[in-house]
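The values are calculated or read from the model by the stated rules, or taken from the named source; none is laboratory data. Computed from a predicted model, the values in this text were never measured in an experiment. A quick note on method: Cβ atoms are made from the backbone with ideal geometry, for glycine too, and the neighbour counts reach across all protein chains shown.
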Amino acid sequence: MKIEFKSIYLLYALITVLTFAACGDKKKDGDAKPEDERTAELDTANIPTDLKWSERMALSQIKRNPEAWHIENPPFPKWGYVRGTVLVAFENLYDETGKEEYYNYVADYGDTIVDENGAIRTYKFKDFNIDQINTGKILFRLYEDTGDKEYKIAMDSLKIQLEQQPRTTSGGFWHKKRYENQMWLDGLYMGAPFYAQYTVEFEDGENLDDVIKQFDLIQEHTLDEETGLLYHGWDESKKQDWANNETGTSPNFWSRSMGWYMMALVDVLDYISEDDPRHEKLVGYLQNLSEALVNFQHESGLWYQVTDMGDREGNYLEASGTSMFAYAMAKGVHEGYLPEKYKDVAHKAFDGLTEKLIKVDEDGEIHITQVNAVAGLGNGRDGSFEYYVNERMNDNDPKAVGPFINAALALNK
């Protein structure tokens, strides 16, 4: 039975109020370690330089933000896509190393942000913000490992958002309720991997067609046939100031937006079997974009903030987009989606990051630099070249930290 939006929102609002009125963070029963034990087993005072880059970055991240909710320095624990971008990488790092400190970094955040009733602190259902879905990916592991029903309830609430998310007339998710008729490349990473995993694990895959439709619409409406690159956004109504009057696309190619999209492709493919014709279609999308991007890779291995304008004054080599491309291509080769030559492309990209954009402190802490902090469309953001290159940069931005760890793991660097 479909739950009405007003009712579900009022319910979650009431639960959230009661949660904040309660004292302290919850601690689950079972195998979860007390917070003092988790902290005691990890020393980040000096980070060994002989570790792989994935662990060096993870330990540096923990040193800067001992608890995951501190990422981006909010005044209290917040739900948000940036934490999920980092924590999914920590789950992958735990799978690779078996070191409990990386798992605990994720589990502690889950303990803090999801209450006993399954309400997600600071999550705003009524915003219909596709970004809010992304961090839901960490809940699958926590639910599987603990059996705690609150994680399943939290995942269900995110799925209800997807069911009621406003859409274009062709069926594409709006990026946010207030961004009417707009699809952004970013939104594919934010929503599609969670949606694919949820429908495979809990619905026998019945909504995979809807997942694939989101990629089809992006390909149909944002692809530039001349370069093979994808524009950052598409406005179906063509009413936005940034929208092309004929196509509805934004005017430029932003590397991180294509990075989000490529990561979405390789992560969603995990849930589609190779003998499924939809699998081949997504692989084709990945192959075509990878081929196009190679044409714009700088000799250093990095990619520019505005992908196709490397020779234009003010443009700069950017860390998050490069990290995302390196991860997606390396995983694509490992899984057999891309030819072996793209592993060399990914290695070159990663070496460019470590040689040009990574700084190392005397105590071993590493920092990733030249990261675009934020970019979007609308509300004064016109999608121009000048807009993208003049948005602020932020060292150690989580949108680079997570993909860097994943790229290091995929390349075994």
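Here are some notes:
- Residue list for the stretch 116-146, filter: surrounded by fewer than 21 Cβ atoms within 10 Å (Cβ to Cβ), under 13 Å from Tyr195 (Cα atoms) and not charged (D, E, K, R): Phe140
- Among the residues of the stretch 381-413, those that are surrounded by 21 or more Cβ atoms within 10 Å (Cβ to Cβ), among the small types (Gly, Ala, Ser) and touching a Phe, Trp or Tyr at 6+ places or on another chain (Cβ under 9 Å) comprise Gly383, Gly402, Ala407, Ala408, Ala410.
- Remark: Gly314 matches the filter, which requires a residue to be exposed (fewer than 15 other Cβ atoms within 10 Å of the Cβ), on the phi > 0 side of the Ramachandran plot and out of contact with any strand residue (DSSP E or B) (no Cβ under 8 Å at 6 or more places or on another chain).
- Against the list (1) assigned to a loop (DSSP other than H, G, I, E, B); (2) surrounded by fewer than 18 Cβ atoms within 10 Å (Cβ to Cβ), the condition Trp79 fails is (2).
- Under the condition of being in contact (Cβ under 8 Å) with a residue 60 or more places away in the chain and among the polar types (S, T, N, Q), the residues counted in the stretch 343-402 number 5.
- Residue list for the stretch 312-343, restricted to those being touching a helix residue (DSSP H, G or I) at 6+ places or on another chain (Cβ under 8 Å) and assigned to a loop (DSSP other than H, G, I, E, B): Arg312, Gly314, Asn315, Tyr316, Glu335, Tyr337, Leu338, Pro339, Glu340
- Here the stretch 348-367 is the region considered, the condition is being among the acidic types (Asp, Glu) and farther than 17 Å from Thr44 by Cβ, and the residue that is surrounded by the most Cβ atoms within 10 Å (Cβ to Cβ) is Asp351.
- Annotation for the stretch 276-283: at least one member residue is part of a helix (DSSP H, G or I) and either of a type in the set (Ser, Thr, Tyr) or crowded, with 19+ Cβ neighbours inside 10 Å (or both).
- Flag for Leu409 being part of a loop (DSSP other than H, G, I, E, B) and either touching a strand residue (DSSP E or B) at 6+ places or on another chain (Cβ under 6 Å) or modelled with pLDDT of 95 or more (or both): no
- With respect to being touching a helix residue (DSSP H, G or I) at 6+ places or on another chain (Cβ under 8 Å) and in contact (Cβ under 8 Å) with a residue 60 or more places away in the chain, Ile71 fits the description.
- Check on Lys137, free of Cβ contacts under 8 Å to residues at least 12 places away in the same chain and out of contact with any Leu (no Cβ under 7 Å at 6 or more places or on another chain): no
- Pair list, Cβ under 7 Å, 6 or more apart: the stretch 201-218 residue free of Cβ contacts under 8 Å to residues at least 12 places away in the same chain, other residue in a helix (DSSP H, G or I): Glu206/Thr199
- Only one of the numbered conditions (1) in contact with a His (Cβ under 8 Å, 6 or more places away or on another chain); (2) under 20 Å from Val283 (Cα atoms) is violated by Leu317, and that is (2).
- Boolean, Lys149 is closer than 30 Å to Asp115 by Cβ, surrounded by fewer than 20 Cβ atoms within 10 Å (Cβ to Cβ), outside the structural domain of Leu289 (by TED's automatic domain parsing) and not small (Gly, Ala, Ser): yes
- Exactly one residue out of Asn65, Asn117 is at negative phi and more than 20 Å from the chain's Cα centre (by Cα), and it is Asn117.
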